[in-house]
1. Answer yes if at least one residue in the stretch 150-165 is under 26 Å from GLU50 (Cβ atoms), exposed (fewer than 15 other Cβ atoms within 10 Å of the Cβ) and of a type in the set (Lys, Arg), and no otherwise.
2. Being at pLDDT below 95, under 16 Å from the mean Cα position of the chain (by Cα) and of a type in the set (D, E, K, R) is the requirement here; does ARG72 meet it?
3. Residue under question is PRO123, and the condition is that it be surrounded by 14 or more Cβ atoms within 10 Å (Cβ to Cβ) and either among the acidic types (Asp, Glu) or touching a helix residue (DSSP H, G or I) at 6+ places or on another chain (Cβ under 8 Å) (or both); does it hold?
4. Test each condition in (1) surrounded by fewer than 18 Cβ atoms within 10 Å (Cβ to Cβ); (2) farther than 19 Å from ASN137 by Cβ; (3) out of contact with any Pro (no Cβ under 9 Å at 6 or more places or on another chain); (4) at pLDDT 95 or above for GLY118 and report the one that comes out false.
5. Conditions first: (1) closer than 17 Å to ARG160 by Cα; (2) crowded, with 21+ Cβ neighbours inside 10 Å. CYS145 passes all but one, so which condition is the exception?
6. Check off (1) closer than 28 Å to GLU50 by Cβ; (2) of a type outside the set (Asp, Glu); (3) not in a loop (DSSP other than H, G, I, E, B) for PHE111 and give me the number that stays unchecked.
Amino acid sequence: MTLVLASVLAVAAFIVAGAALYLAVRAGRAVAGLDELEKRIDRMAQGFREELHAELRTDRIQLARLASGNLRMSDLQGNRPFREVLFAELQATIAAGANIAIVDVREPHEFVAGHVPGALNIPVNSIPGRISEIPGNVDEIFVYCARGQRSAAASDYLARQSGYLNVVNVGDAFGNWAGPLEH
């Protein structure tokens, strides 16, 4: 009987050890699951932080432009961090002799067909790599393209990503330019 009792106790000990091992493995998986959940929460929080910082940067840029007089409340169209004008205002600004830079973000074949005199050609997709070519010692940077979409994207990049406070998008069609053309 002692042998039977010893065998039963051995089997019971084996079962308890197996159950303990099973629970330890489950607990380890739970801890690993918690670690993964914590990592996912950290990634989400980082994304929210980056989005908030981008929005705050835009707000700071707009506030600085408002304070400096480079932005009117009416210029805040759809939370754009740049001013938008028509080609007629660019032409009047040039005629007044203002200290400006003009960036044509059309493709080179469009540029050589005719462009605003003195314009620098930096295609919209090249802006990030060629931003250093844009003079920084000007009162305003006028950006234009054929219809206003590419220039709006480039203006947004210059204002949000590069911190320029004086970006002006020429939002109408290039065909509205009434001044002379360079080729």
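The values are calculated or read from the model by the stated rules, or taken from the named source; none is laboratory data. Treat the numbers as computed from the prediction; the structure is a model and nothing was measured. Virtual Cβ from ideal backbone geometry, glycine too; neighbours counted across all protein chains shown.
1. There is no residue in the stretch 150-165 that is under 26 Å from GLU50 (Cβ atoms), exposed (fewer than 15 other Cβ atoms within 10 Å of the Cβ) and of a type in the set (Lys, Arg).
2. So ARG72 fails the test.
3. Judged against the criteria, PRO123 is a match.
4. (2)
5. Unmet condition: (1).
6. All conditions are met except number (1).
Every residue, every condition in (1) touching a Lys or Arg at 6+ places or on another chain (Cβ under 8 Å); (2) part of a helix (DSSP H, G or I); (3) closer than 18 Å to ASN99 by Cα; (4) among the aliphatic types (A, V, I, L, M), yes or no:
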residue: ILE127; (1), (2), (3), (4): no, yes, no, yes
residue: ARG147; (1), (2), (3), (4): no, no, no, no
residue: ARG150; (1), (2), (3), (4): yes, yes, no, no
residue: SER162; (1), (2), (3), (4): no, no, no, no
residue: LEU165; (1), (2), (3), (4): yes, no, yes, yes
residue: GLY175; (1), (2), (3), (4): no, yes, no, no
residue: ALA178; (1), (2), (3), (4): no, no, no, yes
